[in-house]
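Worksheet for the structure shown next.
The values are calculated or read from the model by the stated rules, or taken from the named source; none is laboratory data. In this text, all values refer to a predicted model and were calculated from it rather than measured experimentally. Don't worry about glycine lacking a Cβ; one is built from the backbone with ideal geometry, like all the others, and counts go over all protein chains shown. In case anyone asks, the SASA skips ligands and DNA or RNA and just uses the protein heavy atoms, side chains included. Shrake-Rupley method; radii C 1.70, N 1.55, O 1.52, S 1.80 Å.
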Amino acid sequence: ADDTMPAYSPDGRSIAFRSERTPSGIYVMGATGENPRRVSDIGFDPTWSPDSGSIAVASTFQSIPSVRTQSAIWTVEVATGEKKKLVDNYSFQPSWSADGSRIAYWYTENRGKRIVSTVPAEGGESVDIAFESNTNWNPQWSPAGNFLYYASDRGGNTGFWRVPVDLANGKAAGEHES
């Protein structure tokens, strides 16, 4: 079966990944490949919490960029498999901030525009960060957590951008830079 989308835990002890084995879902195994076990029946693009205790996932994989696909962002407790839905708005590719306070993701709004947003990791209101162009996606936090990087066509051609983020409120704390 296909195993894809590996993500090392911050403590270096485990790898989360998507598996199409039976039963499919999100699996976690030791860093050297031992003892794989399923922790969720749903999930794509796993990203770890800084304490390595939880994983955030998108419920669906966006395979066709021009199609609006229903997907939600969930957190999954690694030890218990307990799931919590954070966002339900055609959302994909979660990325957990280094301090654990926020999860970035992108979503497709009803006109097909892709918007990068953040949501508190414990749940709450999302804040849109990158929306000035048609296509913004693949948000990734800097290791220190003070910048959010993302791909965008906001400069005309597709390129990488970054913006400082106030982690207390999830809003941009400065200008977007290419």
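Restricting attention to region 1-36, the residues that are surrounded by fewer than 18 Cβ atoms within 10 Å (Cβ to Cβ), in contact with a Pro (Cβ under 9 Å, 6 or more places away or on another chain) and basic (Lys, Arg) total 1. Consider Val39 carefully, then state whether it is under 16 Å from the mean Cα position of the chain (by Cα), in a strand (DSSP E or B) and surrounded by 20 or more Cβ atoms within 10 Å (Cβ to Cβ). The answer is no for Val39.
Name the residues in region 3-30 that are without any contact (Cβ under 8 Å) to a residue 24 or more places away in the chain and hydroxyl-bearing (Ser, Thr, Tyr), would you? Thr4, Ser19, Thr22, Ser24 - these are the residues of region 3-30 that are without any contact (Cβ under 8 Å) to a residue 24 or more places away in the chain and hydroxyl-bearing (Ser, Thr, Tyr). The set of residues in region 48-107 that are over 20 Å from Ile129 (Cα atoms), part of a strand (DSSP E or B), in contact (Cβ under 8 Å) with a residue 24 or more places away in the chain and open to solvent by 50 Å² or more (accessible area, probe 1.4 Å) comprises Glu77, Lys83, Lys84. Only one entry of Gly123, Gly145 meets the criterion of being out of contact with any helix residue (DSSP H, G or I) (no Cβ under 8 Å at 6 or more places or on another chain), open to solvent by less than 10 Å² (accessible area, probe 1.4 Å) and touching a residue at least 24 places away in the same chain (Cβ under 8 Å), and that entry is Gly145.
The number of residues in region 18-36 being closer than 14 Å to Ala1 by Cα and either not in a strand (DSSP E or B) or not hydrophobic (A, V, I, L, M, F, W, C) (or both) comes to 10. Can you tell me which residue in region 108-120 is surrounded by the most Cβ atoms within 10 Å (Cβ to Cβ), limited to those that are at pLDDT below 95 and either of a type in the set (S, T, N, Q) or in a loop (DSSP other than H, G, I, E, B) (or both)? By that ranking, first place goes to Thr108. The residue that is most open to solvent (accessible area, probe 1.4 Å), counting only those in region 126-142 that are touching a Lys or Arg at 6+ places or on another chain (Cβ under 8 Å) and of a type in the set (S, T, N, Q), is Asn134. Does region 156-170 contain any residue that is acidic (Asp, Glu) and open to solvent by 80 Å² or more (accessible area, probe 1.4 Å)? No, region 156-170 contains no residue that is acidic (Asp, Glu) and open to solvent by 80 Å² or more (accessible area, probe 1.4 Å).
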